[in-house]
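The values are calculated or read from the model by the stated rules, or taken from the named source; none is laboratory data. Nothing here was measured: the structure is a model prediction, and the numbers come from that model. Cβ placement follows ideal geometry from the backbone for every residue including glycine, while neighbour counts extend to all protein chains displayed. Keep in mind that these areas ignore ligands, DNA and RNA; they rest on the heavy atoms of the full protein, side chains included. Shrake-Rupley method; radii C 1.70, N 1.55, O 1.52, S 1.80 Å.
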Number of protein chains: 2
Amino acid sequence: MPSGRSRPARTGRRPGPTDTRGEILRVARESFAETGYGASSLRGIARTAGVDPALIVHFFGSKAGLFIASIGWPFSPAEARAVVADGPQRVGENLAAMFMRHWDDERERSPILAMLHVATGEPAGARMMREFLVEYMLEPLVETIGGEDAGVRAGLIASQLIGLGLTRYVLGYEPLASAPSPLVTKILAASIQRLIDEPLP
Amino acid sequence: MPSGRSRPARTGRRPGPTDTRGEILRVARESFAETGYGASSLRGIARTAGVDPALIVHFFGSKAGLFIASIGWPFSPAEARAVVADGPQRVGENLAAMFMRHWDDERERSPILAMLHVATGEPAGARMMREFLVEYMLEPLVETIGGEDAGVRAGLIASQLIGLGLTRYVLGYEPLASAPSPLVTKILAASIQRLIDEPLP
């Protein structure tokens, strides 16, 4: 914990350096749940947690970063980078494998679902999910795909992933829901790779 | 309004035949919003609306039918039938056109979004959305596609539609969000048709 760089709290008690991060997360979770993403502010969360807003920025980068940490979003930035590390011709396989690994695990699925729930419930939640996806997944993807329609291709890939997650794991549509993971991974990988390699209609 | 077939109310006031349907919808909306889909019952809604449960079945067919009517779901069963009426080789084009027509209209989009919000929030909501999609869209689709993997193909088609709706209209990911509708319809139609015509990996 980089407590040496922490600034002193303006108001209220000041938790020890080790539990400061945990306390901020606890307050953030409460705030997002009670007042929504849009209406929650770093300043308000900092006030309730008894820390300086700059400390939250220091720990989490932004309100979006704080939200992601508070819901336990399972995709790490390093994992997202690994998806594109082998070049465009392996993105289908890498991305499908990463996606299925996370969605197949119910504990990892639940924060993704929470984010989709917030995104379908209020524009601020949708904006937050978009900003997050753009930063962590879509920008590296667009760069790796290259070409002038890379943005549309990346969007279609994101829509495949989100749609499959909802249909298989949330709606539980059969026979897709109980189809073996290796089969679904293979179908998904081929479909993503096609969106990278083939011309758009 | 088929008031001649209405049965007398068991309890409470009895609205006139014209506003009975509206009154049931009003009570249903309240009940679904307050206690969720799973915990709402036709019997409870009938009691509050002051009508016989059989009248609700008569008007709406089932609790799912009542829910759909209460949120103003824009896809009519006749439209769903029209998608498959020209045979499997036209499903891509027909389905993409129907889908885009509804999602492009913000008023029609909002009940679809409400359903997705409920589906990502509680298992009962997800079950309801699945049951609805299976009955209105997926069963006719599976029958039209034919063959032993028709169910998986239909599921992948549903996942394309849901994913594109979320990415383009809810998350608003650019450049997909402002891409012209005819272009997106063309891409979607080709993608659906491929899921019908080509072998799965």
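For this structure, a couple of remarks:
- Subset tally (residues that are modelled with pLDDT of 80 or more, surrounded by 22 or more Cβ atoms within 10 Å (Cβ to Cβ) and not small (Gly, Ala, Ser)) for region B:120-132: 2
- Test set (1) closer than 26 Å to residue B:143 by Cβ; (2) in contact with a helix residue (DSSP H, G or I) (Cβ under 6 Å, 6 or more places away or on another chain) - residue B:87 fails condition number: (2)
Per-residue answers, yes or no, for (1) open to solvent by less than 10 Å² (accessible area, probe 1.4 Å); (2) in a helix (DSSP H, G or I):
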{"position": "B:95", "(1), (2)": "yes, yes"}
{"position": "B:98", "(1), (2)": "yes, yes"}
{"position": "B:118", "(1), (2)": "no, yes"}
{"position": "B:142", "(1), (2)": "no, yes"}
{"position": "B:148", "(1), (2)": "no, no"}
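- Residues that are of a type in the set (Val, Ile, Thr) and free of Cβ contacts under 8 Å to residues at least 40 places away in the same chain were ranked within region B:34-90; the one that is most open to solvent (accessible area, probe 1.4 Å) is B:48.
- Residue in region B:164-180 that is open to solvent by less than 20 Å² (accessible area, probe 1.4 Å), more than 7 Å from chain A (Cβ to nearest Cβ), among the aliphatic types (A, V, I, L, M) and in contact (Cβ under 8 Å) with a residue 24 or more places away in the chain present: no
- Scanning region A:102-116 for residues that are of a type outside the set (Asp, Glu) and surrounded by 15 or more Cβ atoms within 10 Å (Cβ to Cβ) yields A:102, A:103, A:109, A:111, A:112, A:113, A:114, A:115, A:116.
- Extreme residue, nearest to the other protein chains (Cβ to nearest Cβ), among residues of region B:128-162 that are touching a residue at least 60 places away in the same chain (Cβ under 8 Å) and in contact with a Phe, Trp or Tyr (Cβ under 8 Å, 6 or more places away or on another chain): B:161
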